[in-house]
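The values are calculated or read from the model by the stated rules, or taken from the named source; none is laboratory data. The structure presented is a predicted model; accordingly, all values stated were derived computationally and were not measured. Glycine also receives a Cβ, built like all others from the backbone with ideal geometry; neighbour counts cover every protein chain displayed. We work out accessible area using only protein heavy atoms, side chains counted, and drop any ligands, DNA or RNA first. Shrake-Rupley method; radii C 1.70, N 1.55, O 1.52, S 1.80 Å.
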Amino acid sequence: MRRLGPLVFEPRLVPSRLAVLGVSLAAVLFALLLASAVFYGYGRNPWQAYAQIGRGLFGTWPSFSEVLRRAIPLILCGVGLTLAFRARFWNIGAEGQLLAGAVAATGVALFLPVPEGWRLPLMFLLGFLAGGVWAVIPALLRVKLAVNDVISTLMLNYVMAYIVEWLVHGPWKGPTMRGFAYTDAFPLSARLSYLPGTRVHWLTLVLGIAAALVVTGLLARTRLGYEVRVVGQSPEAARYAGINFTAVFALVMLLSGGLAGLAGVGEVAGIHWRLRSPGHISMGYGYTAIIVAWLARGSPLTAVLTALLFGLIFAAGDYMKTALGLPFQITGVFNGLVLFCLISFDLLMFWRVRLARKEEAWTGSTGSSAR
Amino acid sequence: MVGPVHAPTPDAHPPLVLLKDITKRFPGVVANDRVTFALHAGEIHALLGENGAGKTTLMNILYGLYRPDSGEIWVKGRRVDIRSPREAIQLGIGMVHQHFKLVLPHTVAENVALGLAGTPFWAPARAIGRKLRELSQRYGLPVDPDRRVWELSAGEQQRVEILKALIRGAEVLILDEPTSVLTPQEAQELFKVLARMKAEGHGIIFISHKLDEVLSVADRITVMRRGRVVGTVLAAETNKAELARMMVGREVVFRLRKGTCRPGEEALLVEDLHARNDRGLWALRGVTFRVCRGEILGIAGVAGNGQRELVEVLTGLRRAERGRIVLLGRDVTNRSPRLLSDLGCAHVPEERIRMGIVPALSVEENLVLKRHHRPPFCWRGLLRPKAVRAFAQKAVEDYAIMTPSLRTPAKLLSGGNIQRLILARELSGKPAVVIAAHPTYGLDVGATEQIRQLLLRQREEGAAVLLVSEDLEEILELADRIAVMFRGEIMGIVPAGEASLEEIGLMMAGERRLAVRSEGI
Ligand SMILES: Nc1ncnc2c1ncn2[C@@H]1O[C@H](COP(=O)(O)OP(=O)(O)OP(=O)(O)O)[C@@H](O)[C@H]1O
Ligand SMILES: [Mg+2]
């Protein structure tokens, strides 16, 4: 317990759900407050800008649907990452796994001679596998060779980004695309349909929400989920209990990377209809998903909510670019500020703050004495 | 830190510490129920009670880690409100926890300087070194300030903890089960230190489950049961039987019912086993023995002579570099822990909290660890919560695990109840071989008696039991044959009936038993 001015801080061991929610909201609001400086910097009144963004995003269904569209890849990647984080496997590689899924989907869409009706299911299936296999590599590296998972997953992001770069400049460069570094456009049978009047490729959204439910069930009710929790919370006990680390990490990363791969399929089949440079396909969804999963504290269902929050920030960034003429990079600033505030406010969840009573000493060294 | 040197006269001086009507509730339990407890200067006051009686909770309240729901704390005649360990330290209260809280890669001096008010920012350890030496001289606590903590034995680490408290000016020292990590010799040294501190007017609260120890060290003894104080007695006026009765609420048999040993077929055979320790040095150099169904083989020896490595190799947690292990006629050398456990080899590990349980998982989930992947708990990869619950319910009843509910995280159980949970899990699967490392350390007399009885029942039901313990009394009481380890080798194996304490003592010191070869293994 500490005293600071008129306030007293008391530790609490387990934060209540209400405290978590309240503190998170307060942190986001505080981040918005800090971000208003950016608007000043561009010579705009922040309050008007916020009001305008609010009206712009929530005003009509098509504009609000952009929040959903942006949230889709974040949900899929974020849910996958909660699973990995529960096993204490630090998967920083969702970005690369997403790109791997996009590459596989493009391969199926453009180069695999399959019946029309099979094309999309096969794109999702191979996209999942590609993302999964790309993620299993660091799992095996860690178990067999003790390679640090943070570093290996991060490095593989760059490797995959260069592979995509190479493909769109080289072998897969579309002959009909003249000078652009694009592949050819997907045939119609390889494109996802939208909710009417929007760009929400609903099939991927449904997959994302289903994934959150499945992973929740998996963690609570299956043998794998149980082993994930044991491995994540006490590796010593997991060894003692004879749990196979290789199998657990490989499966977890197959699923985690696979979900990111699905997100990649959704982006190329739903939005771009072609493979193009990595920065265009992902805009850092895989990295933002780390924050999404971290904020969700290992709960896949909460990750859906936090993904929506960051979908909102992305959509607001789009709106600011088109309507207010601000650079899109502002979303990066926003993400940073939100993350920063949430981490700093995190402390508050474990401390109860109240007004000090009169007799409470400043340092609390002597305590209140009677007699 | 001046106090009366002579025996305290409670009327003339207010007690050093007075806890009055302390109540503390946790979800599902009243850990302390209107507890009143007084400690005088110059006294060693022992706190005794079953596992989960609320001793640690009461001390955590005094040390500012928990706040009582109601009740008063008085220190030297003043009513105080202790809201953090820092405030407790300022009031002259120091605590040595059961699990030490030292920073392992740092030196002793650095650890002591950590968080100490008035130490210079630069080179704090140097400033503290002199004071440290002076204190360790005065109380007979030899430590080298420049050694790194991970190099120290448990006993030495404990000395550092005590010095940490003393250098902060502790007049009241709380020791929570200090002797459970010590060898008997180290315990004797600790008692000498406590006697010196007592003579200087410190007050000491001493928690232990070992009745002999409490009777010889303490001046007064307070017994708790289920959160309440049963009574406070003078050590000079009581005896083991009375204390046990107060603690458990019934008579405790100190003599176990032990049937004659009828060894059956060979269950575990170990031949010429070699293994290295964590630092890559040889910890086992050619260990050979066998355990048959229906018998208990006790492994005696001073800690650190390879017992830990032996258990780890036998349970698949450490590689055997040479030699072989045969379990039920099958060569299982260097096979996985899961295979061994599936074959019926139960393991009661030495490191309970770190290895034996998953602290954040619930009691019921912990009870099926190791069997979670087999029917009836798992079917086609899905867990069966009903089966888990039913099994857990029965285990909690059969093994008298005190827990608020099956869903309580295992880390919230008291130390003794955590051990019961582990035993319940390991013994309920009708194991063929039981490997138990220090199964009763830290347990109250009642639980110790029950657990020893459980091990004997395993033997009667035809399990082969390997019992590793530093408690010679326990080994003599339970084992049918006794093997003594010294520097990674077995010095000899003697039938319990023929074992003399002298002979075992000599072997523990490295004297090889001559008959060992001719008698076989
Ligand atoms: N933080 C906590 N939350 C909930 N229950 C707790 C907590 N700490 C202790 N308990 C419960 O309070 C009771 C008393 O526990 P305590 O640790 O004080 O026992 P103890 O007398 O020290 O036992 P042991 O000899 O086994 O160490 C137990 O039933 C325990 O499960
Ligand atoms: Mg305790």
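Tabulated data
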| read-out | value |
| --- | --- |
| Where a residue in the stretch B:504-520 is modelled with pLDDT under 60 and its partner, wherever it lies, is part of a loop (DSSP other than H, G, I, E, B) and of a type in the set (Asp, Glu), with Cβ under 8 Å and at least six apart | none |
| Failed criterion for A:Leu68 (all others in (1) assigned to a helix (DSSP H, G or I); (2) within 21 Å of the chain's Cα centre (by Cα); (3) crowded, with 24+ Cβ neighbours inside 10 Å hold) | (3) |
| The stretch A:253-264, residues that are more than 14 Å from chain B (Cβ to nearest Cβ) and either crowded, with 24+ Cβ neighbours inside 10 Å or within 16 Å of the chain's Cα centre (by Cα) (or both) | A:Met253, A:Ser256, A:Gly257, A:Gly258, A:Leu259, A:Ala260, A:Gly261, A:Leu262, A:Ala263, A:Gly264 |
| Selection from the stretch A:164-186 of residues that are part of a loop (DSSP other than H, G, I, E, B) and exposed (fewer than 15 other Cβ atoms within 10 Å of the Cβ) | A:Gly170, A:Pro171, A:Arg178, A:Gly179, A:Phe180 |
| Residue ID - farthest from the chain's Cα centre (by Cα), chosen from residues in the stretch A:285-321 that are open to solvent by less than 30 Å² (accessible area, probe 1.4 Å), closer than 24 Å to A:Ile151 by Cα and at pLDDT below 90 | A:Gly298 |
| All positions within the stretch B:168-184 that are open to solvent by 10 Å² or more (accessible area, probe 1.4 Å), in contact with a helix residue (DSSP H, G or I) (Cβ under 7 Å, 6 or more places away or on another chain) and either modelled with pLDDT of 90 or more or within 16 Å of ligand 1 (Cβ to nearest atom) (or both) | B:Val181 |
| Any hit, the stretch B:448-469, residues being within 16 Å of ligand 2 (Cβ to nearest atom) and either outside the structural domain of B:Ile296 (by TED's automatic domain parsing) or open to solvent by less than 30 Å² (accessible area, probe 1.4 Å) (or both) | yes |
| Test: residue in the stretch A:229-241 that is open to solvent by 10 Å² or more (accessible area, probe 1.4 Å) and more than 14 Å from chain B (Cβ to nearest Cβ) | no |
| Hits in the stretch B:45-68 - residues which are within 10 Å of ligand 2 (Cβ to nearest atom) and either free of Cβ contacts under 8 Å to residues at least 24 places away in the same chain or not in a loop (DSSP other than H, G, I, E, B) (or both) | B:Leu47, B:Gly49, B:Lys55, B:Thr56, B:Thr57, B:Leu58, B:Met59, B:Asn60 |
| Answer residue from the stretch B:45-94, given it is under 24 Å from B:Val29 (Cβ atoms) and in contact with a Pro (Cβ under 7 Å, 6 or more places away or on another chain) and is surrounded by the fewest Cβ atoms within 10 Å (Cβ to Cβ) among those | B:Leu65 |
| Output for the stretch B:69-91, where each listed residue is within 7 Å of chain A (Cβ to nearest Cβ) and assigned to a loop (DSSP other than H, G, I, E, B) | B:Asp81, B:Ile82, B:Arg83, B:Ser84 |
| Contacts under 8 angstrom Cβ, first residue in the stretch A:212-227 being at the interface with another protein chain (Cβ under 8 Å from one of its Cβ atoms) and open to solvent by 50 Å² or more (accessible area, probe 1.4 Å), partner at pLDDT below 95 and assigned to a helix (DSSP H, G or I), 6 or more apart | A:Arg221/B:Pro385 |
| Scope the stretch B:328-347; condition under 20 Å from B:Lys430 (Cβ atoms) and more than 14 Å from chain A (Cβ to nearest Cβ); matching residues | B:Leu328, B:Gly329, B:Arg330 |
| Count of the stretch A:134-163 residues which are open to solvent by 60 Å² or more (accessible area, probe 1.4 Å) and of a type in the set (Phe, Trp, Tyr) | 2 |
| Matching entry among B:Pro404, B:Pro409, B:Pro385 (being touching a residue at least 60 places away in the same chain (Cβ under 8 Å) and either within 16 Å of ligand 1 (Cβ to nearest atom) or of a type outside the set (Ser, Thr, Tyr) (or both)) | B:Pro404 |
| Only listed residue being open to solvent by less than 10 Å² (accessible area, probe 1.4 Å), assigned to a helix (DSSP H, G or I) and small (Gly, Ala, Ser), chosen from A:Gly107, A:Gly80 | A:Gly80 |
| Any chance A:Leu98 is over 30 Å from A:Phe186 (Cα atoms) and modelled with pLDDT of 85 or more | no |
| Test: residue in the stretch B:37-53 that is within 14 Å of chain A (Cβ to nearest Cβ), over 22 Å from B:Leu234 (Cα atoms) and out of contact with any Cys (no Cβ under 9 Å at 6 or more places or on another chain) | no |
| Any chance A:Ala269 is surrounded by fewer than 19 Cβ atoms within 10 Å (Cβ to Cβ) and modelled with pLDDT of 95 or more | no |
| Which listed residue, of B:Ala125, B:Ala109, B:Ala165, is surrounded by 17 or more Cβ atoms within 10 Å (Cβ to Cβ), at pLDDT 85 or above and of a type outside the set (Phe, Trp, Tyr) | B:Ala165 |
| Checking A:Phe89 against (1) in a helix (DSSP H, G or I); (2) under 18 Å from the mean Cα position of the chain (by Cα), the condition it does not meet | (1) |
| Subset of the stretch B:426-452 (residues that are within 15 Å of B:Glu295 (Cβ to Cβ) and among the small types (Gly, Ala, Ser)) | B:Ala432, B:Ala436 |
| Identity of the residue in the stretch B:26-44, surrounded by 24 or more Cβ atoms within 10 Å (Cβ to Cβ) and within 16 Å of ligand 2 (Cβ to nearest atom), that ends up farthest from the chain's Cα centre (by Cα) | B:Val35 |
| Matching residues in the stretch B:381-433 - criterion: being more than 14 Å from every other protein chain (Cβ to nearest Cβ), of a type in the set (A, V, I, L, M) and open to solvent by 40 Å² or more (accessible area, probe 1.4 Å) | B:Ala390, B:Ala400, B:Met402 |
